[in-house]
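Only one structure is covered here, and it is reproduced in the block below.
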Amino acid sequence: MKKNNNKEFTVITFGFLFLFLILLLYFIYFMIFQSEEFINNPYNARISAMSDSVKRGDILSADGTVLATTETDEEGNEKRVYPYDNMYAHAVGFNTNGKIGVELDGNFQMLRSHASVLIRLINDFQDHKNPGDRVRTTLDASLQERAYRAMEGYNGAIIAMEPSTGKILAMISKPDFDPNTVASEWDAISTDETSSVLLNRTTQGLYPPGSTFKILTALEYLNEGGEDADPFACDGSFTSDGFEIHCYKNKAHGEETFKDAFANSCNVVFARTGLSLNLASFQNLSEQMMFNQALPGELSNTKSSQFSLPLDASDALIMQTSIGQGDTLVTPLHMALIASAISHEGVMPEPYMMDSVENNEGKIVKQYQPKEYGNILSTVQADHMKEYMRYVVTNGTAEALQSDRYTAYGKTGTAEYKADKKDTHAWFVGFAESDDKEIAMAIVLEGAGSGSGVAVPVAKAMLEEYFD
Ligand SMILES: [Zn+2]
């Protein structure tokens, strides 16, 4: 009897030990692999527990300009303050009524404190909060300000990045809001369906690409053995199977090479070229260039661009798709990434906006490293397109971007988005480089007119500032 009891006791003891070990292993696994993701979930109640002992850290631009800070009044009430009001609304985001932007992506980091042991001891002893870590972003404060001013009076999106690293330098989405007053104006902001104020148009806005899509059509044509020097003739319009397409303002471009047609943004040549393409191979190229799939990187809330050209597509759909109309939709972020890849031998970077995390005294706690997603084009393809995009600046619709201080490359677009074709989005997608700096960008101004007339001047303002 006694022996039996001992045996049961041993089994129970080992049973508990086993359960305890499993718990311990799970706990270690959770700490190492899961906790950051779990804690960073905006719906997690643990967040509020962390903010009870840590004063939320600041958000800084790359040069240390304070973009968000937490102020405490005499009664100990905290208030999140955004010194630049609307200027960084979508990039930096807000921290009430949910979170977006860096306030979301850096939430966990800003609620941790790596202050010195002494400071933490004193604070803990006095029951004071510890200073949270700061997030230093990749944002270029002077570029953001210049771009924001250049965009005054327009709705749309501007995104600029360093093409070799994917560091986001400027991010503007309009209409915008003042993050200082999000809580009090929440009902108006969140229910505004006509202008979707909360939508970050740089990462979530899906736009018809217009002629900026001719980058893909040209790449496919050249892939299939099309020649730069093929002579074409444009008399301003072209009809196939009863569907008619026009060049901008019915302009007849006359005799031109394929490269001229790209620089002139000639719809007639590109619609004709489109009808000759292998549609399966065109679809493959688009997917290789990240259409219909999630973009890489850690940015929250990015949407996928859409491209679909079925094998039995009508002539009308093929012609429209070849000039960036039809069913194709793109995000400005995606177009800036394509420009980045073209500038760097086909290698696309992963976009990111958090450069480092530092403690309250500026000591770096965590440094984020640039990552390459990989080749979306071969070096030969990228360099060929680079030459084409340079030609748009030297001989085409972006001539205003010629400068002694930098070499610019690009493609303009004027995208129809209404059935009556009266209003058009103005686009510019491109990049520029000097001996020591480089930048890629996508600009879309909603209903603003032509890419050449409206978006190029905004690009110019940004390049002048950046290469100053
Ligand atoms: Zn033409």
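Here are a few things to note about the model shown:
- Prolate/oblate/rounded label for region 103-177 (Cα gyration tensor, a/c 1.5): prolate
- Of the peptides 235-241, 111-117, 122-128, the ranking by mean beta-carbon count within 10 Å, highest at the top, reads 111-117, 235-241, 122-128.
- Theoretical ellipticity at 222 nm over the chain - DSSP helices of four or more residues, -39500 (n - 2.57) apiece, nearest 500: -10000 deg cm²/dmol
- When every Cα-Cα distance of region 275-396 is counted in 5 angstrom steps from zero, the calculated P(r) takes the values 2, 10, 15, 17, 18, 15, 9, 5, 3, 3, 1, 1, 0 percent.
- Largest to smallest accessible area among Tyr26, Tyr368, Tyr207 [probe 1.4 Å]: Tyr26, Tyr368, Tyr207
- Mean-position separation - Cα centroids, region 429-468 and region 306-332, in angstrom: 26
- Two-site label geometry, Ala252 and Arg149: point separation in nm, points 7 Å out along Cα→Cβ: 4.5
- For region 340-404: span of alpha carbons on each principal axis (Å, largest first): 52, 29, 16
- Summed over all non-identical Cα pairs, the Kirkwood treatment of the chain gives a radius of 24.4 Å.
- Sorting the segments 246-253, 161-168 by their mean number of nearby beta carbons within 10 angstrom, highest to lowest, gives 161-168, 246-253.
- Inter-centroid distance (Cα atoms) of region 54-123 relative to region 191-259, Å: 43
- Kyte-Doolittle mean at least 0.0, axial Cα span of 24 Å or more - DSSP H helices of the chain: 2-29
- Pairs from Lys418/Lys460; Lys174/Lys366; Lys99/Lys129 whose Cα-Cα separation, in the structure shown, is over 24 Å: Lys418/Lys460; Lys174/Lys366
- Region 338-397, accessible surface, carbon-and-sulfur percent (1.4 angstrom probe): 47
- On the principal axes of its alpha-carbon atoms, region 91-218 has extents of 65, 41, 24 Å, going from largest to smallest.
- The residues of the chain present an accessible area of 46 Å² per residue when probed at 1.4 Å with all protein chains retained.
- 5 Å-binned pair-distance histogram of region 371-465 (Cα, whole percent): 3, 14, 21, 22, 17, 13, 7, 3, 1, 0
The values are calculated or read from the model by the stated rules, or taken from the named source; none is laboratory data. Everything numeric here is computed off the predicted structure, so don't read it as measured data. Please note: Cβ atoms are built from the backbone with ideal geometry, for glycine as well, and neighbour counts cover all protein chains shown. When the accessible area is computed, the model is the full protein with side chains, heavy atoms only, and any ligands, DNA or RNA have been set aside. Shrake-Rupley method; radii C 1.70, N 1.55, O 1.52, S 1.80 Å.
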